[in-house]
Amino acid sequence: MTQLREIARGSIEMLPQMAVALLVVLLTAGLNKLIGFLVQRVLARTRLRPSLKELFSLLLSILVWILGLMIAAVIVFPGLTPSSILAGLGIGSVAIGFAFKDVFENFLAGIIILFRREMRIGDFIECEGIEGEVQHIAIRESHIQQTDGQLVIVPNSILFKNPVTIRTHQVSRRMTVICGVAYDVDVDQARDVISKAVATCGTVLQGDKPIQIFAQEFASSSINFEVTWWCGSKPVEVRASRDEVVATVKRALDDANIEIPFPYRTLTFKEPLPMTSAVEN
């Protein structure tokens, strides 16, 4: 009973400190909202990406809460000092770091990715077989909307540790298809027909982006041309441009009576084959 009385007496004696600590927590919550509002007003005038603005607001909010909770803890337990609290946090952070290694890895990777200028919201990227549009970059993960409509949530550590291809880093992209013509066709004539056909396509960019036609190789049944042009960099623009170029080149070669040959196969035999004639009964 004596111990219970002492515990009750100690709890009653701590009520004023606890009340003040609760008041400090409430003030911290209000101060956090005020500072968050002011930071949002300031960041709204900058050109930072939205995800980076959210990061700054989150880090500042965490700092305000840490300071507020430290002050409240010192009020409730006067024996505590900021140095002892930091020492305890340092020891605990080691265990927490081992337990949540992947979480912290993704967190740090997310911060680095947010500071990158190369990968932006709306870019089409490809990484580790995942290809799609960047919808959102958060602290721990990024949202990739694939062209078939599926949403892939990718841990930021994957985007940080592996090569990332940004397909829309530039507004234009070079495309290449292989077109073969028969061996009895004049090479210069075929090149001219293909070049003029590609130039008429509406999805092909003109100006400083040249259309290039190169005779590439002597294939088994045809002389192959490497047809190169520039188009928009988005996946739908790439597919539409390839479709238009292939269809236009095919029509142009048909109109010029230039053959696009099927693969030819010639069979040879070591010995003459016996020939027999069919006799009608």
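The values are calculated or read from the model by the stated rules, or taken from the named source; none is laboratory data. Since the model is a prediction, treat every value here as computed from it, not as a measurement. Here the Cβ positions follow ideal geometry from the backbone for every residue, glycine too, while neighbour counts run over all protein chains shown. Only protein heavy atoms, including side chains, enter the accessible area calculation; ligands, DNA and RNA are left aside. Shrake-Rupley method; radii C 1.70, N 1.55, O 1.52, S 1.80 Å.
Taking the Cα centre of region 119-224 as reference, the dipole from Cβ charges on Lys and Arg (+1) and Asp and Glu (-1) amounts to some 380 debye.
Highest first, please rank the peptides 157-163, 205-211 by the mean number of other Cβ atoms sitting within 10 Å of their residues.
Working: 157-163: 15.7, 205-211: 12.3.
Ranking the peptides 157-163, 205-211 by packing returns 157-163, 205-211.
Between Ala219 and Asn224, the built amide H atoms are under 5 Å apart, and every one of these is 5 or more places off in sequence or on another chain. Of the three principal axes defined by the Cα atoms of region 141-281, the extents in descending order read 80, 37, 30 Å. Bridgeable lysines around Lys234 (alpha carbons under 22 Å apart, same-chain partners fewer than 8 residues away excluded): Lys209.
Quick one: grab the alpha carbon gyration tensor of region 198-254, order the square roots of its eigenvalues as a ≥ b ≥ c, and give me rounded if a/c is under 1.5, else prolate or oblate depending on whether a/b is larger than b/c. Verdict is prolate for region 198-254.
For region 94-224, take N as its residue count and report Rg(C-alpha) divided by 2.2 N^0.38 Å.
Values: Rg = 22.5 Å, N = 131, 2.2 N^0.38 = 14.0 Å.
Ratio of Cα Rg to 2.2 N^0.38 Å: 1.61.
Hey, if you put +1 on the Cβ of every Lys and Arg and -1 on every Asp and Glu Cβ in region 161-281, which of Pro163, Ala197, Leu267 ends up farthest toward the positive end of that dipole? Value: Pro163. A Cβ-based charge dipole, computed about the Cα centre of region 174-281 with Lys and Arg at +1 and Asp and Glu at -1, lands at about 480 debye. Ordered from highest to lowest accessible area with the whole protein assembly present and a 1.4 Å probe, Ser61, Ser241 read as Ser61, Ser241. Taking a straight line from the alpha carbon of Lys33, these aspartates and glutamates sit under 20 Å away, with near neighbours fewer than eight places off in the same chain left out: Glu54.
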